[in-house]
Structure formats: C-alpha cells, structure tokens
Amino acid sequence: MVIRKKHIRNVSTYIAGIALGSEFRPAIEITDHHKKKLARIGFADPPRHGDTILPNAVGPVSRYNANGKWEVHRDQPKEQRYVRTVRWRWKQWAGRGNFEEHEDFRDIYRDCYPRTQRPSPGIELTYVEQDGNTYVVAPALRNLPSNHDDIGHSINLLLEFFGECELVKTDLSRFADIKVNRLNWKLLPPGEYPWQRLRSHLKGVLKRSSENTQAVIFDRQETIMSFEPDEQFIGSAGFSDYIAYVFKARGVVVLESIRKGNAIYVFGLDWERFSKLSKSEIINADLHLARLVHAKGWKARLAQLMDHRLAAE
C-alpha cells in the first residue's frame, strides 16, 4: 500500500492487508523527484547501496527520532534546574577613573516544571539498489499490536521526508543481505593544528548561533582538546550535533554535544565498536562510564576522570 499523506495517526488502516505477525518494511522508491531530498536527509552524494544513516532532524518527527523529547509535568511543583551556561562580561572600577573589563562563564538556573526525557527511537534509514531501482527503507517491522507505535513512527518519518511511502508486503528476500555502511561519523584529517580545524568546522555548524553561545561551546571543546585526544570525529546527518574525541592511552571515547545544555558522555569503548552503535544505543542504553552535565565544576570532574583513566591504563 502506498501512503501519500503528511502524517498518519491510526496505523490499523494501513496495515490491515498485512497478515498478523508478518514482517514488512516502510520504504520509498526513489524517483528523480526524490533524489534531491537525499542529501538533505543526510545521505552522501551520490549514495551507495547499503549506506545507512540516522537521518537529519528537519521536522518534528525526525527531530524526535534523532534527539528524543521532554515530557513536561505541569501538574507537579516547579523545581530549580540548570538551564545553560552563558558568557558574562562586565566592567569593574579600577580607581582613578579607570575600569577593567572582566569575562567569565556563569551557569543559569530557573524554576521549571519537572520533566522526563522520552528516549529517541533512533530509526536509521538505508539506501538500497535492487533490480535497477533504488529505495530508502526503514528497518523491518512485525505486524503486532505491541509494535503499532514503532510502525507509525517509521511511516511518519518517511512521510516527513518524502510525502509518501510504501509498506512492502513481500517476504523481504530482495532486501536481505544488505551490507550496512554506517556513515554517522567523519574523521578529521590528522596533522598539526587540530583545534584550528575543529574550530573551523564548529563555525560552520554554529553560524546561526549567537556569539555568546558559540563562546560557551568553543570553551567546552578547548577544555577537552587540552587533554590531547588522538583522533576527533565529527558527527554527520542525525549525529551532526556531536563530536567524539578518542583517547587511546586512556581507553575512552568522550562524546560532546554542541547543543547548549547537553551533557558530556564518557565511554570505555574502543572507537571501532563505538562507531557502530546507533544514537539510541549510545544515549539511552546506559553504556557510558560517566555523564557530566555542563554545570559549574564540570571541568574539574572531567580532569579527575581523565587522570584516573590514565593511571588505570
């Protein structure tokens, strides 16, 4: 069945023709009309058979898919919560008609309703070439009542990107044996001046952010870079808001978000294994050694952890 809508709510109508318990895939056959949308989603240009990505956040469905969302409990009393860090500048009287300029970073706290984070589904899409045709497919799903939320989300994800999708009702043998090439990370080229290269990347990503926000995020990266990582990987597509720093001697990967307010995750995984994880596995599966919120004292906590890891190795 081909679905041509912006969004669906009740999946029962669309899976009525699929036997209960049978597997199927939401998919879209790529025409010339669709090809120009592939790069926006996050696929390479040109894409290759098997390329698999966590798609970019371009709308509410894909934003939830990549980043999760917060459920605010407005029926509960407010509580004080760390919101973000800002750069603070002021002039201080220095005597004899002179003022000295000062600069520091300040944590902002506000009274907010309690909230619970709803984990991101982390659905990845795969580019498939088959019998002269090309497709973008979501993971296989089984027609069970317990899967209706996942089915609806996968369908709506494709509808948000392409305006249509198809539920493939075959035995899926034509989609079997796809060699997955995850393209979620790009290695920054090795060589001298790694901070300058990283800063150049950040300026492009943060060009719409305020100067103060950029200053806070640059300060975070400089702090992590001071521990001299062996490699830096920048996220692409749905991972574009993350940078991964690999510290081989310490045996850790430090995952840093360039979205204000997010935390640092420290993993004791080798990069080869880490890079094969989906975003939902990284953030939602409690695989990390430590999670450091960017509130006051985070630099000291990171330094302590890094020193401990170096001593342990």
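Please work out which residue is farthest from HIS294 (Cα to Cα), limiting yourself to segment 210-254 and to residues that are polar (S, T, N, Q) and without any contact (Cβ under 8 Å) to a residue 24 or more places away in the chain. Here the residue is SER210.
Regarding HIS308, is this residue surrounded by 14 or more Cβ atoms within 10 Å (Cβ to Cβ) and either outside any strand (DSSP E or B) or assigned by TED's automatic domain parsing to the domain that holds ASP51 (or both)? So that I can check it myself, show each step before the final result.
Values: surrounded by 14 or more Cβ atoms within 10 Å (Cβ to Cβ): no; either outside any strand (DSSP E or B) or assigned by TED's automatic domain parsing to the domain that holds ASP51 (or both): yes.
So HIS308 does not fit the description; no.
Given the structure, is PRO60 within 30 Å of ASN262 (Cβ to Cβ), modelled with pLDDT of 90 or more and not assigned by TED's automatic domain parsing to the domain that holds ILE151? Considered against the rule, which asks whether it is within 30 Å of ASN262 (Cβ to Cβ), modelled with pLDDT of 90 or more and not assigned by TED's automatic domain parsing to the domain that holds ILE151, PRO60 comes out as no. Quick check: is even one residue across segment 51-58 over 24 Å from ILE8 (Cα atoms) and of a type outside the set (Val, Ile, Thr)? There is at least one residue in segment 51-58 that is over 24 Å from ILE8 (Cα atoms) and of a type outside the set (Val, Ile, Thr).
Residue-wise test of (1) among the small types (Gly, Ala, Ser); (2) assigned to a helix (DSSP H, G or I); (3) under 15 Å from PHE24 (Cα atoms); (4) at pLDDT below 80.
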{"residue": "HIS148", "(1), (2), (3), (4)": "no, yes, yes, no"}
{"residue": "HIS153", "(1), (2), (3), (4)": "no, yes, yes, no"}
{"residue": "ASN156", "(1), (2), (3), (4)": "no, yes, no, no"}
{"residue": "PHE161", "(1), (2), (3), (4)": "no, yes, no, no"}
{"residue": "GLU166", "(1), (2), (3), (4)": "no, no, yes, no"}
{"residue": "ARG174", "(1), (2), (3), (4)": "no, yes, yes, yes"}
{"residue": "PRO189", "(1), (2), (3), (4)": "no, no, no, yes"}
{"residue": "ARG197", "(1), (2), (3), (4)": "no, yes, no, yes"}
{"residue": "HIS201", "(1), (2), (3), (4)": "no, yes, no, yes"}
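Residue by residue, here is whether (1) surrounded by 18 or more Cβ atoms within 10 Å (Cβ to Cβ); (2) within 18 Å of the chain's Cα centre (by Cα); (3) at pLDDT 90 or above holds:
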position: GLY204; (1), (2), (3): no, yes, no
position: ARG208; (1), (2), (3): no, no, no
position: GLN232; (1), (2), (3): yes, yes, no
position: GLY261; (1), (2), (3): no, yes, no
position: ASN284; (1), (2), (3): no, yes, no
position: LEU292; (1), (2), (3): yes, yes, no
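The values are calculated or read from the model by the stated rules, or taken from the named source; none is laboratory data. On a predicted model such as this, the values are computed, not experimentally measured, just so you know. Note that each Cβ is placed from the backbone with ideal geometry, even for glycine, and that neighbours are counted across all protein chains shown.
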